[in-house]
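S.K.: Just passing along the structure, written as structure tokens.
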Amino acid sequence: MSILRIGKVAINVLDLAEARRHYGEFLGLAETASAPGTAYFKGWDEYDHHSVILKENDRAGLDHVAFKVRFPDDLARIESTCERFGFPVQRVSAGSRIGEGEAVATTLPTGHRIEFYQQMERVGIAVGNTNPEPWPDDRRGVGVNRFDHVLLTGEDLEGVTRFFVEGLDFHQSERLINKEGGLLASFLHVTNKAHDIAFIKGPNGKLHHVGFYVETWDDVLRAADLQSRHRVRTELTPSRHGLTRGLTTYFFDPSGNRNETYAGGTFPHYDNDVVTWTEDEAARAIFFHGREMIPSFGSALT
Ligand SMILES: [Fe+2]
């Protein structure tokens, strides 16, 4: 089985016009298509047609996340893996959404819908791939390079980790454990990013945040300048995570979905040992500089 990366997140938003301004003009994603109540976006450094779908809904939160696989027959293998784990499986036919090929969908024990796809229409990166400039002239707002990862909340972190590691051949990069050794956070990667998908202990089915990649600490600082300039509700000014060592800001879209700009971080390999954080160091693991838990971190979920 060959999963390439997390490729797409579909986010429910309360007001599509406001969300378009946030993800398009502020974050700098490019809108590649739209349908009634739905808009499709990509980062300037992404090849595929879209990595973010905004869906107007009466509740904010996650619609689904999707992983891109390398080979067509990977979909059938994933289907049998989901069945072996006793998860529901459904096929989504090609063309159900703009630019997308066939997908396999399942629901995790944490209540999140995830999909796997092999084909998506190709658009290409904004700077082209012959003698490219390092960034495009028309980079807008924060100008994030790409969608990077999601953090979700759920109750059965052991179960969901087993599915990703044993079923889908992901690797756990880092974890946070309580005194009894139970998982409070599980960071999982299939690329050598610090995380493609991560889970923290909390209510099932909730979105904690969607992370967008920027290249440097200066980009994180500039993102925070723009957050203030555009009155974007901000939870965390530029800082570092202990977990993953990532450089970060946390802020919210107009519907209350948390976003993150994320730079740096570790580049784990599959033969790395898992990095363990203990519960007594949880605040430092998440907010490495402040070393105190920000109350909204655990409660502002969509
Ligand atoms: Fe993150």
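The values are calculated or read from the model by the stated rules, or taken from the named source; none is laboratory data. Every value quoted in this text rests on a predicted model; they were computed, and no experiment measured them. As a convention, Cβ positions derive from the backbone with ideal geometry for all residues, glycine included, and neighbour counts pool all protein chains shown. Areas reflect the complete protein model, heavy atoms only, side chains present, ligands, DNA and RNA absent. Shrake-Rupley method; radii C 1.70, N 1.55, O 1.52, S 1.80 Å.
S.K.: Using DSSP, restrict attention to beta bridges with both residues in region 49-153 and report what percent are antiparallel, rounded to the nearest 5.
M.R.: 70 percent
S.K.: Something else: With charges set only on the Cβ (+1 for Lys and Arg, -1 for Asp and Glu), what does the dipole of region 145-284 come to about its Cα centre, in debye to the nearest 20?
M.R.: 560 debye
S.K.: Would you mind telling me the antiparallel percentage of the DSSP bridges in region 3-117, rounded to 5?
M.R.: Approximately 75 percent, going by the DSSP bridge assignments.
S.K.: Let me ask something else about it. Most mobile of 189, 208, 289 per a Gaussian network model of the chain (Cα springs, under 10 Å)?
M.R.: 289
S.K.: So, one more: Please compute the net charge surrounding residue 16, taking Lys and Arg as +1 and Asp and Glu as -1 over other residues with Cβ under 15 Å from its Cβ.
M.R.: Local charge sum for residue 16: -4.
S.K.: For the chain, with a Gaussian network of springs between Cα atoms less than 10 Å apart, report the residue from 254, 203, 136 with the top mean-square fluctuation.
M.R.: 136
S.K.: Kindly work out what percent of the DSSP beta bridges joining two residues of the chain are antiparallel, to the nearest 5.
M.R.: The antiparallel fraction comes to roughly 70 percent.
S.K.: Considering Cα pairs under 8 angstrom that are at least six residues apart, work out the relative contact order of region 3-117 and quote it in whole percent.
M.R.: 26 percent
S.K.: Once the dipole of the chain is set up with Lys and Arg at +1 and Asp and Glu at -1 on Cβ about the Cα centre, which of 118, 6, 293 lies farthest towards its positive end?
M.R.: Checking the options against the dipole of the chain, the answer is 293.
S.K.: Restricting to Cα pairs below 8 Å that are 6+ residues apart, what does the relative contact order work out to for region 131-251? Please round to a whole percent.
M.R.: Normalised by residue count, the contact order of region 131-251 is 27 percent.
S.K.: Using alpha carbon centroids, what distance separates region 215-287 and region 190-208, in Å?
M.R.: Spelled out, the Cα-based centre of one part sits 13 Å from the other.
S.K.: With a ≥ b ≥ c taken as the square roots of the eigenvalues of the C-alpha gyration tensor of the chain, please select rounded if a/c is under 1.5 and otherwise prolate if a/b is larger than b/c or oblate if it is not?
M.R.: Rounded.
S.K.: Quick check on packing: order 8-19, 242-253 by the mean number of other C-beta atoms within 10 Å, highest mean leading.
M.R.: Ranking, from highest mean packing down: 242-253, 8-19.
S.K.: Continuing with the same structure: Measuring with a 1.4 Å probe in the full set of protein chains, what accessible area per residue, in whole Å², belongs to region 146-299?
M.R.: It amounts to 43 Å² per residue over region 146-299.
S.K.: So what J values fall out for region 17-30 if you push phi through Karplus, 6.51 cos²θ - 1.76 cosθ + 1.60 with θ = phi - 60°, rounded to Hz, Gly and Pro as x?
M.R.: Along region 17-30, the couplings run 5, 5, 5, 4, 5, 5, 6, x, 6, 6, 6, x, 6, 9 Hz.
S.K.: Just tell me which lysines come within less than 27 Å, Cα to Cα, of residue 179; anything on the same chain fewer than 8 places away is out.
M.R.: Within reach: 201, 206.
S.K.: Could you calculate the contour length gain from residue 289 to residue 179, that is, 0.36 nm times the residue separation minus the distance between their Cα atoms, to one decimal place in nm?
M.R.: 37.2 nm
S.K.: Just add up the charged neighbours of residue 168: K/R +1, D/E -1, any other residue whose Cβ is under 14 Å from the Cβ of residue 168.
M.R.: -1
S.K.: Separate question: Gain in length, residue 166 to residue 98, computed as 0.36 nm per residue apart minus the alpha-carbon separation, to one decimal in nm?
M.R.: 21.3 nm
S.K.: With only Lys, Arg, Asp and Glu charged, each at its Cβ (+1 for the first two, -1 for the last two), find how big the charge dipole of region 3-117 is about the Cα centre; round to the nearest 20 debye.
M.R.: 220 debye
S.K.: Follow-up question, since we're still on this one. If you take the beta carbon distance between residue 35 and residue 91 as r and set R0 to 25 Å, what does 1/(1 + (r/R0)^6) give as a FRET efficiency, to the nearest 0.05?
M.R.: The pair residue 35/residue 91 has a calculated efficiency of 0.75.
S.K.: Pick out which of 239, 96, 255 has the largest mean-square fluctuation in a Gaussian network model of the chain, springs linking Cα atoms closer than 10 Å.
M.R.: Of 239, 96, 255, the Gaussian network model singles out 96 as fluctuating most.
S.K.: How many percent of the accessible area of the chain is carbon or sulfur, using a 1.4 Å probe?
M.R.: Percent of accessible area from carbon and sulfur atoms in the chain: 46.
S.K.: Quick one: grab the alpha carbon gyration tensor of region 69-211, order the square roots of its eigenvalues as a ≥ b ≥ c, and give me rounded if a/c is under 1.5, else prolate or oblate depending on whether a/b is larger than b/c.
M.R.: Oblate, because a/c is 1.5 or more while a/b does not exceed b/c.
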